[in-house]
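First up is the structure itself, then whatever we jot down about it.
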Amino acid sequence: METPPLRHFLHKLPFALNTLQTFVVAAETLSFKDTAERLHLSASAISRQIQALEQSLDVTLFIRHSRSLQLTDEGQQLFQVAQSSLQMLATAVAEISPKLPKTSLTLSALPYFSNNWLLPRLSEFSNRHPHIQLSFESDSTYQSFDVHKTDGCFRFAPEARDDLVALKLFRQYAVPVASPELIQQKGLGRALEFFNHVRWFDAASQPQLWYQWQQAHQSTHLAPTDRISFDDAETALQAAREGLGVAMAAWPLIEKDVKEERLVCLTEPLESLSEYYYFVYAKNNKDPSLQLMVEWLTSYQQLD
């Protein structure tokens with residue numbers, strides 16, 4: 001079939017690029033509320049943009065649930081094309097603009113944080129600043145921040161140093177999680193007795209976390225059938241997703257897993273089992289790329 005000329009498509013697209021960007025962010029977050037926070041708009045404005053887009057295309061792009069969204073087949077098809085197209089457009093603009101020289105930024109984060117919070121959101125930063133080339137260093141446990149190796153790192157309870165700035169991002173709560181299949185198999189629901197009949201997973205980065213949880217819930221009498229220790233929390237979390245046992249997870253990092261019913265939180269978050277996540281960088285680092293990263297992260301701050 002012969003491809004119609006470009007002017008045909010332009011005539012058939014009665015919406016602006018910012019509407020397409022709104023759709024892409026909504027497809028990434030599967031939440032109008034989260035989309036609104038990212039784009040600094042109201043949730044109702046986001047909803048109206050998506051409705052207008054659906055009407056102009058005469059298709060339904062999202063299935064609306066009470067607390068989340070789900071892409072339709074048509075929505076998924078548009079998302080895949082729109083996301084890559086916007087990235088290509090941003091890259092092309094950066095390549096032809098003499099004002100945006102290529103720069104690099106090296107970040108450090110545990111795989112657990114990268115996989116569950118940073119990477120799902122990073123396309124937004126890259127779309128805004130395609131001239132910044134990102135690279136990552138990952139460790140299974142927290143290392144002392146080295147200003148000579150990285151420009152910034154993500155930490156909770158960072159070391160106090162006069163030469164560093166710690167940008168407070170959001171509070172994370174330690175909660176035990178298990179797969180819905182494992183909970184159904186044991187037939188005990190979310191009762192504390194459940195913990196006596198399952199395997200517990202430990203992470204090397206926080207070896208005392210289970211004991212702290214037991215103390216907070218006055219349940220030091222609980223004992224697992226078995227314990228397995230992992231080098232990193234992400235592997236422990238994946239084992240929980242597979243229904244092999246229970247892992248301590250960080251809320252809200254696992255919010256998407258819970259929304260998509262891969263995991264269930266077994267107890268409510270407690271403030272006594274919480275820490276803030278921070279973005280840490282050198283006080284004397286005035287790199288414009290780093291400042292753009294700090295500005296972007298500031299939009300995700302959730303302060304008490």
Next item on the list: Would you be able to tell me the number of residues in the stretch 51-73 that are surrounded by 14 or more Cβ atoms within 10 Å (Cβ to Cβ) and among the charged types (D, E, K, R)?
Entry: 1
Check: Listed residues Gln51, Gln87; which is at pLDDT 90 or above and part of a helix (DSSP H, G or I)?
Finding: Gln51
Next item on the list: Within the stretch 155-211, track down each residue that is over 23 Å from Glu271 (Cα atoms), acidic (Asp, Glu) and in contact with a strand residue (DSSP E or B) (Cβ under 9 Å, 6 or more places away or on another chain).
Entry: Asp163
Next item on the list: Confirm whether Tyr211 is closer than 21 Å to Ala240 by Cα, in contact with a Ser or Thr (Cβ under 6 Å, 6 or more places away or on another chain) and not hydrophobic (A, V, I, L, M, F, W, C).
Entry: no
Check: Which is part of a helix (DSSP H, G or I), of a type outside the set (Phe, Trp, Tyr) and at pLDDT 75 or above, of Glu95, Glu124?
Finding: Glu124
Item checked: When residues of the stretch 20-50 are limited to those that are among the charged types (D, E, K, R) and under 23 Å from Gln302 (Cα atoms), the one surrounded by the fewest Cβ atoms within 10 Å (Cβ to Cβ) -> Lys33
Checklist line | strands (runs of 3 or more DSSP E) lying entirely in the stretch 161-271 (those with 3 or more residues that are in contact (Cβ under 8 Å) with a residue 12 or more places away in the chain and more than 21 Å from the chain's Cα centre (by Cα)) | finding: 199-203, 226-230
Next item on the list: Test each condition in (1) assigned by TED's automatic domain parsing to the domain that holds Ser68; (2) modelled with pLDDT under 85 for Ala27 and report the one that comes out false.
Entry: (2)
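The values are calculated or read from the model by the stated rules, or taken from the named source; none is laboratory data. The shown structure was predicted, so the numbers you read here are calculated from the model rather than taken from an experiment. Here Cβ is always computed from backbone atoms with ideal geometry, including for glycine, and neighbour counts include all displayed protein chains.
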